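Everything below concerns the one structure shown next.
The values are calculated or read from the model by the stated rules, or taken from the named source; none is laboratory data. In this text the structure is predicted, and so the values were computed from the model without any measurement. Ideal geometry is used to build each Cβ from the backbone, glycine not excepted, and the neighbour counts take in all protein chains shown. Calculation scope for accessible area: heavy atoms of the full protein, side chains included, ligands and nucleic acids excluded. Shrake-Rupley method; radii C 1.70, N 1.55, O 1.52, S 1.80 Å.
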Amino acid sequence: MSGRVSFALAVVILLAGMFFRFYQLLWLPPGLNADEITDVRLTEQARSGNITVFTDAGNGQGREGLYHAVLAAVTTFTGRGLLGYHVFSVWVGMLSLSMIYALGTRLFGRLAGLSSLVLMSFTFWPVLLSRQVSREMLVPLVVTAVLLCLAVALPVYRRRRRRGANTTLFAALGVALGLALYVHPVGLLAVLIGAVFITYMILFARQKVSRRRVRYITFSLLLLMIMAMPYLTSSIQLRSLSGAQRLFELVPGISLQDTLRGLGGFFFWGDTNPARNIPGRPLLDPLASLVLLVGIGAALIGWRKTTHVLVLLSSVILLPGAVLANEGANFQAYVPLLPLIALYFGLGVDTLSDLAVRCVPRYSRSLTALGFVVWMGGLMLWTGSDLFNRWPQRPDVQTAYNTRVAQLARYLDAYAGDLQTVVCSDGVPNTLDGEASLMLTLMSRRNPPLRYVDCASGLVMTQGGALQQIILPGEQDLENAHWRVRDWLLRGEWVEAENIPTQAVLEMDVSTRLADTIGRMNFVAPVTYAPEASSAGESDMAQIPVSLGGNLTFYGYSPEESPIYRPGSIVTVVTYWRVDGIVPPDLLLFTHIQADPAAQPIAQTDTISVVPSQLEDRDVFMQITYIPLPETMPPGEYQISVGAYQDTSDERLSVLQDGRPRGDRLFLYRITVAEQNASN
């Protein structure tokens, strides 16, 4: 096969591999799994300036910080969201494919290079790995880069034209080894591969290394040492987070059962984690497994060849971490071996091709080409069907990747501005610890027009209850909502369409019902002004709605059917408020329980379940306040009073009647605290 034909075929295969990695990138993987969420969180920390060699990923688990710093820089230009976070992985995956073709061609020939490229381009796990927001997707690139630099810089393979060693090649080798340290603990093994192989080339290789090349090797090692200084310093200071510590944790002990399970994952049963695989699907198909074994046998038989030594030596160093892990078959642990598996497979194809030339010389080329094309087509169909159809539809995969949240993020990217949108969330999300926060992170739109409310204790009815949409990111959001909130929500209609989760988007128009509810409160839910604000001849009764300062109006409350409690129980007060303009951004609502209006409250709660700065004119919000009663609370009758104040100044908003102040609180109804044996 000529060089031009090989290069042209490689370009075609790369284009097909790019299709497998870019196709439906917004929809597959169908969200982010737990490890990806951790990497996104660390990326956002790096964006804020927290860039370190080792960073704490939680529970004392360390991770190298280079990936997160680079991803933060990349997403500054590509944008965040599902596409922005994933596109960098695709770019790295395509670069890895190009380098594996170059490495395979240099070590074992053009047919081996093409075969290695095909296996990496269309095998399920390498394709999925190139679509994940994960630092592990850098590992195949790092391992391939180190092997390629070693192969090019040292006299590993025969060249048509001899070239003297030069500074660029050995500088690339030093940089590749240095960067490997900052990507993953496997980088330490990559450095070990470089050191052992260089030692072999100097002491034992048939083709002796010249003194000039030894000086260049010294230059590479010096460059590596300079780059490694921050790594070594951080490893000493942060020993529990260091890569060496985690590298030893990858192999907690030698278990024959786990070792057999780890080896069997390549050929028989595969990884059982749905985030990485269709449980039961082996890493390689049966034909590729046989060819791989042929390649391993050929490498062992030709172990004296320098090209074979490089691959065999790398396998001996990297294999224990993959097959001795206590999880058995773990595709994530296989990641460093992927380039070597591809190289062995390429060597196996090349060996079988040579065998065909000796056995059936007349038809060897035709048989090799036909077999290669048939196998590649079958691999593409198998991987394409599993990756794009079977795998993302599995319920365990959708759970592992938080598919519900990802689908809502895509929906809001397209439709957040069409209707007033309220998201069930405890405040404005600023971390990745909840569904609403993750949803906001996965959105491509920055600062989307969303409102946030804690649906467990409140609800916002925008523009007097006019048409709006409610987003419930969590599957339990509706169930966890207070029953009065849930009663309002169920008045709406669920939006049902493809790629919209069930009971996640609700359109609600309750303007008529809200007006009727507030109208009835005038008769069944009386309100009185504070006693100290009444003058002779003035009525204590207030007419709902009651205006307050700060553009806030008390709209009414839902009375308790049986307001009898025992000490230690919780009193629930449901109030409605209307916004008449811009309210203070530090607004809080207080609810007091007191036996005497002139005395200090016996129990109180200050809270608000909406974001005041997001409230707009004509919004109505419901506040459900929980007030725990003291265990030592004396039996008797108590009054409930409510009001509002600014948190930063503790200044209460005045209650107004015809534009003039009538105190700073309103009294709602009485409750009875009975003896301990009374019913709640």
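If one computes the Cα centroid of region 291-369 and of region 467-507, what distance in Å separates the two points?
54 Å
So what's the angle, to the nearest 10 degrees on a 0 to 90 scale, between helix 81-108 and the longest Cα principal axis of the chain?
10 degrees
How large is ³J(HN,Hα) for each residue in region 286-291, as worked out from phi by the Karplus curve 6.51 cos²θ - 1.76 cosθ + 1.60 (θ = phi - 60°), to whole Hz, x for Gly and Pro?
Here the 3J(HN,Hα) series is x, 5, 4, 5, 5, 5 Hz.
Heavy atoms only, probe 1.4 Å: what % of the accessible area of region 528-582 goes to carbon and sulfur, would you let me know? Kindly include the intermediate steps, with their values, before the conclusion.
On the way: 1170 of 2370 Å².
Result for region 528-582: 49 percent of the exposed heavy-atom area is carbon or sulfur.
Rounded to the nearest percent, how much of the accessible area of region 588-680 (1.4 Å probe, protein heavy atoms only) is carbon and sulfur?
44 percent
What percent do you get for the relative contact order of region 70-162 when only Cα pairs under 8 Å and 6+ apart count?
30 percent
Any idea of R281's accessible area? Nearest 10 Å², probe 1.4 Å.
10 Å²
Output the relative contact order of the chain, whole-number percent, from Cα pairs under 8 angstrom with separation of 6+ residues.
Reported as a whole number, the value is 11 percent.
Let me make sure I get this right: for region 577-680, a, b and c are the square roots of the gyration tensor eigenvalues over alpha carbons, sorted descending. Under 1.5 in a/c it's rounded, otherwise prolate if a/b > b/c, else oblate. Which is it? Show your work: numbers first, answer last.
Numbers: a/c = 2.34, a/b = 1.85, b/c = 1.27.
It comes out prolate by the Cα gyration axes.
Check the chain for me: any Cys whose beta-carbon has no other cysteine beta-carbon within less than 4.7 Å?
C149, C359
Would you mind working out the accessible area per residue for region 176-252, using a 1.4 Å probe, and quoting it in Å²?
On the way: 4360 Å² over 77 residues.
Accessible area per residue, region 176-252: 57 Å².
222 nm [θ] for the chain, helices only, -39500 (n - 2.57) per DSSP H run of 4+, per residue, to 500?
Calculated at 222 nm, the ellipticity per residue is -15500 deg cm²/dmol.
Looking at region 587-680, which trypsin sites (Lys or Arg not before Pro) are in a loop (DSSP not H, G, I, E or B) and have at most 16 other Cβ atoms within 10 Å? Walk me through the numbers before you get to the answer.
Working: sites: R618, R652, R662, R665, R670; in loops: R618, R662, R665.
Sites meeting the loop and neighbour criteria: R618.
Can you give the % of DSSP beta bridges in the chain that are antiparallel, to the nearest 5?
85 percent
Skip the ligands, DNA and RNA, and give the accessible area per residue of region 318-389 with a 1.4 Å probe, whole Å².
44 Å²
Heavy atoms only, probe 1.4 Å: what % of the accessible area of region 114-252 goes to carbon and sulfur, would you let me know?
Numbers: 4030 of 6230 Å².
Answer for region 114-252: carbon and sulfur cover 65 percent of the accessible area.
If Rh is defined by the Kirkwood formula over all Cα pairs and Rg also comes from Cα, what ratio Rg/Rh do you get for the chain?
For the chain, the value is 1.14.
Could you provide, to the nearest whole Å², the per residue accessible area of region 501-613 with probe 1.4 Å?
Spelled out: the 1.4 Å probe surface of region 501-613, per residue, equals 44 Å².
To the nearest 10 degrees, how steep is helix 167-181 against the longest Cα principal axis of the chain, on a 0 to 90 scale?
40 degrees
Tilt of helix 403-415 relative to the longest C-alpha principal axis of the chain, in degrees (0 to 90, nearest 10)?
Orientation of helix 403-415: about 70 degrees from the principal axis.
For T625, T441, T76, write out the residues from largest to smallest accessible area, computed with a 1.4 angstrom probe and no ligands counted.
Correct descending sequence by accessible area is T76, T441, T625.
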